[in-house]
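Below is one structure; the comments refer to it alone.
The values are calculated or read from the model by the stated rules, or taken from the named source; none is laboratory data. Just so you know, these numbers come straight off a predicted model, no measurement behind them. Here the Cβ is made from the backbone with ideal geometry for all residues, glycine too, and neighbour counts use every protein chain on show.
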C-alpha cells in the first residue's frame with residue numbers, strides 16, 4: 001500500500017476541484033422564478049438553505065424615536081402615525097411603502113414616505129415652530145431611507161440673511 005504526502009494530496013484535490021467544479025459567476029442564468037427555488041445563505045455563522053420567497057417577503061420592523069432639532073428626546077404630547085395608525089412601531093414585509101407622520105405641539109410636523117427595506121429605527125428631528133417661516137434642509141443617510149437623517153440647516157425669516165434661491 002502506497003502513501004501520499006500532504007503536498008501530493010493537496011495537488012490531487014486541486015486537480016479534482018479544477019476539473020469538476022465551476023464558479024458561481026459561471027452558473028447558467030435562472031429565469032421565470034417561482035419563489036420556490038432554494039438558495040444558500042449564511043445565518044448565525046452556519047451555512048443554511050432557504051427559498052426565495054422567504055428572503056423576498058422577510059419582515060422588517062420600523063421603530064420611530066422622535067427628537068427635537070437640538071437632539072433632545074421629546075416624548076410628551078408626541079403623536080406618531082405610521083400607515084394611518086397611531087403607533088411607534090410597525091412590522092411589514094420588506095419593500096412595503098411606509099408613511100410616517102410625527103407631530104407635537106410647538107414643533108413642525110415631520111412627514112416621510114419610503115419603502116422599508118430593513119429593520120431599523122427612525123429618529124426624525126422636529127423643528128420648533130415660531131412666528132416666522134423656517135427653511136429646513138434635511139440630509140438623509142443610511143440604508144434605511146430617512147434613517148439617521150438630521151436637520152443640517154434651518155432659517156428663521158425674522159433674522160437677516162443673504163440667501164439666494166436658484167431654480168435648477
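Annotation note: of 144, 163, the sole residue that is crowded, with 16+ Cβ neighbours inside 10 Å, at pLDDT below 50 and in a loop (DSSP other than H, G, I, E, B) is 144. Taking the stated definitions as given, is residue 52 surrounded by 15 or more Cβ atoms within 10 Å (Cβ to Cβ) and farther than 30 Å from residue 126 by Cα? Yes; evaluated as a whole, the condition is true for this residue.
On the given criteria, is residue 71 exposed (fewer than 11 other Cβ atoms within 10 Å of the Cβ), in a loop (DSSP other than H, G, I, E, B), at positive phi and modelled with pLDDT under 85? Against the criterion (exposed (fewer than 11 other Cβ atoms within 10 Å of the Cβ), in a loop (DSSP other than H, G, I, E, B), at positive phi and modelled with pLDDT under 85), residue 71 qualifies. Close contacts from the range 39-58, counting a first residue that is under 19 Å from residue 94 (Cα atoms) and a second that is modelled with pLDDT under 85 and in a helix (DSSP H, G or I), with Cβ to Cβ under 8 Å and a gap of 6+ residues or different chains, come to 39/52; 39/55; 41/55.
So that you can scan it fast, the table gives a plain yes or no per residue for (1) touching a helix residue (DSSP H, G or I) at 6+ places or on another chain (Cβ under 6 Å); (2) at positive phi; (3) in a helix (DSSP H, G or I):
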{"position": "14", "(1), (2), (3)": "no, no, yes"}
{"position": "34", "(1), (2), (3)": "no, no, no"}
{"position": "42", "(1), (2), (3)": "no, no, no"}
{"position": "61", "(1), (2), (3)": "no, no, no"}
{"position": "77", "(1), (2), (3)": "no, yes, no"}
{"position": "92", "(1), (2), (3)": "no, no, no"}
{"position": "97", "(1), (2), (3)": "no, no, no"}
{"position": "102", "(1), (2), (3)": "no, no, no"}
{"position": "113", "(1), (2), (3)": "no, no, no"}
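Being surrounded by 12 or more Cβ atoms within 10 Å (Cβ to Cβ), more than 29 Å from residue 129 (Cα to Cα), in contact (Cβ under 8 Å) with a residue 40 or more places away in the chain and in contact with a strand residue (DSSP E or B) (Cβ under 7 Å, 6 or more places away or on another chain) holds for only one residue in 91, 96, 63, 119, and it is 119.
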